[in-house]
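K.L.:
Mind looking over this structure? Questions follow.
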Amino acid sequence: FAANTTITGSIGIFGVIPTFEKTLDRYGITTDGVSTTPLAGAASIERGISPAFAELIQANIEAGYSQFIEMVAESRGMTVEAVDNIAQGRVWTGAAAKEIGLVDEIGELQAAIDAAAELAELTDFDVWHVEPERSTQEQIIEALTASISDYLPSRPATLIGRIESAMRAELEWIDNLNDPMHAYAICTDCPELR
C-alpha cells in the first residue's frame, strides 16, 4: 500500500568517503608515509582516493546494487531488467509506483490495516502503533524541552532556523555511515536501516 503522494524509491546505492586533502593543503598541512600495499591507507581522510581504491568501491557498489534490484525483482515478481529500468536511484509518487509495479494498492494506513485483517480473516482485532524505544538521553531531552518551552514566548521559527533544523534532521544519518566497504543501501524511512 502507498498513498497517492507517497514518495516511493529510491532504488539505488552509493558510497561515501569524505576526504579533506584540498582543505588541509589550503592550510599548508601535508602528510606522507610508507605503504606496503597499494590499498594501505586508502580510506584516509587526509589523502585523496586512489584510482585503484575508487575501482574497488565502484565494484562493491555495483555488486550491492545488483543484489538489491534482484531482491526487489524477486519480491515484486518482476525481471531484473524491468526493475533496473525503473531504478537507477529515481523516486516515484505512490500513484506512479503502482503503475510501474512497485506498489500493489493505493490507500492510506487504515486501508492497509483493513486489507491485512481481511487476508488474515480477522473481524475482531486491535491495532498497536509501535514506536522505537527512546534512549534515556532522548527522554530527558524531551522532558526538558517540553518544560522549557512552557516559559519561552511562542513565535514562529525564523526561516534560517527551520532550514537548519530540517538539514540537521535529514543529514543526521550520515553519522552512521561506517560500513568498512563504504557502500550503502539507505531507506530514509526505515529506522533499522539508518
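The values are calculated or read from the model by the stated rules, or taken from the named source; none is laboratory data. Note that the coordinates shown come from a computational prediction; the quantities given were computed from them, not determined experimentally. Quick reminder, even Gly has a Cβ in these numbers, built from the backbone with ideal geometry, and neighbours come from all protein chains shown.
K.L.:
Quick check on Asp126: is it part of a loop (DSSP other than H, G, I, E, B), within 24 Å of the chain's Cα centre (by Cα) and on the phi < 0 side of the Ramachandran plot?
P.N.:
no
K.L.:
Look at Gln58 and say whether it is in a loop (DSSP other than H, G, I, E, B) and more than 22 Å from Asn4 (Cβ to Cβ).
P.N.:
Answer is no for this residue.
K.L.:
Next up: Hey, among the residues in the range 64-91 that are in contact with a helix residue (DSSP H, G or I) (Cβ under 8 Å, 6 or more places away or on another chain) and outside any helix (DSSP H, G or I), which one's surrounded by the fewest Cβ atoms within 10 Å (Cβ to Cβ)?
P.N.:
Thr79
K.L.:
What's the number of the only condition in (1) surrounded by 13 or more Cβ atoms within 10 Å (Cβ to Cβ); (2) under 21 Å from the mean Cα position of the chain (by Cα); (3) assigned to a helix (DSSP H, G or I) that Ile113 fails to meet?
P.N.:
(2)
K.L.:
Restrict the check to the range 7-29 and report whether at least one residue is buried (at least 18 other Cβ atoms within 10 Å of the Cβ), at pLDDT 85 or above, more than 21 Å from the chain's Cα centre (by Cα) and assigned to a loop (DSSP other than H, G, I, E, B).
P.N.:
For the range 7-29, residues buried (at least 18 other Cβ atoms within 10 Å of the Cβ), at pLDDT 85 or above, more than 21 Å from the chain's Cα centre (by Cα) and assigned to a loop (DSSP other than H, G, I, E, B): absent.
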